[in-house]
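See below for the structure under consideration.
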Amino acid sequence: MNPSADLVNKLWRLCALLRKDGVTYQQYVTELTYLLFLKMASEQKDESRIPAAYRWGALKSAPETEVLTRYRQALIDLGNGEKIADRSVVAIFQNATTIVREPANLKKLIDAIDGLHWFSDERDAFGDAYEGLLQKMAEETKRGAGQYFTPRVLIQVMVELMRPEPGEVIQDPAAGTGGFLIAADRYMKQRTDNYFELAPKQQSFQLSQALRGLENVPDTFRLLQMNLHLHSIDPDHLDLADTLSPAGSGGRFKNANLILTNPPFGPAGGPPTRDDLSITDRVSSYQLPFVEHCIRALKPGGRAAVVVPDNVLFDDGRGKALRQRLMNWCDLHTILRLPTGIFYAQGVKTNVLFFTRSTDEAPLEDATQAVWIYDMRSGAPAYGKTNPLKHSDFEDFVTAFGDDPNGRAPRTDQGEEGRFRRFTRDEIAARADNLDITWLKDTSGEAEDGLETPEDILAAIDGHLTTAMTEVRALLEELGDGVADADALSEAAE
């Protein structure tokens with residue numbers, strides 16, 4: 001076992017100290033975020049930004065009768081921008097509170113963390129351990145975990161195919177815990193000797209301007225800030241905001257060279273409040289408006305890789321209008337049909353859309369001449385904890401995709417017996433612009449036959465119900481019954 005994985009397992013076992021008090025996994029990881037930040041600063045001998053009374057050594061040496069009081073005050077003061085000058089510290093600790101109720105438990109947690117063997121030579125090592133904790137949390141938190149944690153293997157493949165380059169503006173409008181931004185940054189660093197090959201101005205751009213993202217959930221935004229910080233990324237353009245509100249249409253989130261994202265699925269809190277989302281302005285679910293955002297946020301010639309659920313491929317009404325806009329304004333060159341079971345919500349069927357915005361300033365008719373579809377779902381093995389998705393599982397798709405991030409490398413239609421096929425724009429139009437195209441026997445439903453634990457079975461049921469409610473909501477909206485009726489039905493189901 002590598003040192004990072006060993007450290008993750010030891011940190012996760014510490015959860016037992018708090019779980020007996022009813023603490024959730026996300027609360028536990030959030031609590032660790034505060035303590036790990038202070039411990040990391042101590043290990044890196046970088047505590048100048050932290051008042052002496054709140055540094056790791058001071059907390060460790062505090063008497064049990066005082067440690068909880070001091071820790072609570074530390075959380076308040078470190079999140080106060082008037083007392084702490086460092087923006088990244090304030091972002092991590094802003095509005096922070098502790099769920100630890102007993103001083104003895106906090107003391108045990110501090111002593112246990114202090115007793116672990118840490119890496120003192122490289123901040124990324126802390127980042128790897130922290131990412132491991134986030135993955136553990138996603139594995140244990142069945143319901144909704146896929147909303148903020150995308151399998152890192154999938155992220156890596158999407159980044160490798162899109163080939164981010166220094167100097168590009170790279171955006172994730174549903175940043176979650178930062179997986180796409182970190183992977184893109186790592187990909188570029190590995191190819192430019194950690195940015196040392198770049199001129200000073202270019203280095204400055206990469207460190208503070210290149211990566212941009214929005215996240216709407218405060219606790220997840222805190223995890224995002226910590227994860228980026230541990231990976232030596234402290235960008236200026238990272239906001240706690242709703243992408244589907246006017247904040248998402250601001251200048252910082254336009255004209256992206258590359259968008260990499262896994263938007264949330266399912267019902268939203270209501271329709272978008274942005275004026276520019278003209279097609280999906282009345283759609284009260286997340287996936288369609290996020291796709292329209294990606295289309296509009298790309299600069300001419302910009303490219304995107306976006307994870308979407310199946311209904312984006314076949315919904316009528318506004319879904320169909322959105323697909324037409326996508327194929328008119330962009331070259332939708334590739335769709336990857338993903339196997340089930342790779343997200344922690346079982347039963348959710350997903351795809352990756354790869355598209356490039358037309359270089360013409362004016363909207364076009366049919367910028368998409370043909371769509372290549374790779375079926376990785378049919379006949380796929382059951383994925384899950386016992387059979388995790390591996391990079392090698394994508395090898396055939398990566399080869400078929402080719403080495404051009406805009407999908408223009410030579411390709412071969414593998415025919416009805418193969419997994420990779422080409423469909424012309426006329427053929428798609430004859431299908432009423434329905435992109436839910438299959439030709440192999442789909443055995444993906446059988447992937448759930450091996451589920452055994454009650455948690456996995458309930459998660460699968462929840463995934464199917466969420467998908468069904470999303471489709472019912474979309475149908476009600478198209479029939480003109482109104483968002484209110486859809487909301488009422490959704491609330492009744494819950």
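The values are calculated or read from the model by the stated rules, or taken from the named source; none is laboratory data. Quick caveat, the model's predicted, so the values are computed rather than measured. All Cβ positions, even for glycine, are placed from backbone atoms using ideal geometry, and neighbour counts span all protein chains on display. Heads up: the accessible areas ignore ligands, DNA and RNA and are worked out on the full protein's heavy atoms, side chains in. Shrake-Rupley method; radii C 1.70, N 1.55, O 1.52, S 1.80 Å.
Structure above, values below:
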| read-out | value |
| --- | --- |
| Shape call, segment 135-282: gyration tensor on alpha carbons, a/c limit 1.5 | oblate |
| Potential extension, Gln190-Arg55 segment - 0.36 nm per residue separation minus Cα distance | 45.3 nm |
| Lysine-lysine proximity count for segment 3-131, Cα under 28 Å, sequence distance 8 or more or distinct chains | 22 |
| Residue-span extension gain [Asp111 to Asp413] - 0.36 nm each, minus C-alpha spacing | 102.7 nm |
| Accessible surface of segment 3-131 [probe 1.4 Å, protein heavy atoms]: carbon and sulfur percent | 47 percent |
| Relative packing of 224-230, 162-168, which averages over residues the other C-beta atoms within 10 Å, highest first | 224-230, 162-168 |
| Relative contact order for segment 3-131, counting Cα pairs under 8 Å that sit 6 or more residues apart, in percent | 33 percent |
| 21 Å Cα-Cα reach of Lys320 towards lysines, excluding residues that sit fewer than 8 places from it in its own chain | Lys349 |
| Probe 1.4 Å, accessible area per residue of segment 3-131, Å² | 46 Å² |
| Rotationally averaged projected area of segment 3-131 (alpha carbon convex hull; nm²) | 7.3 nm² |
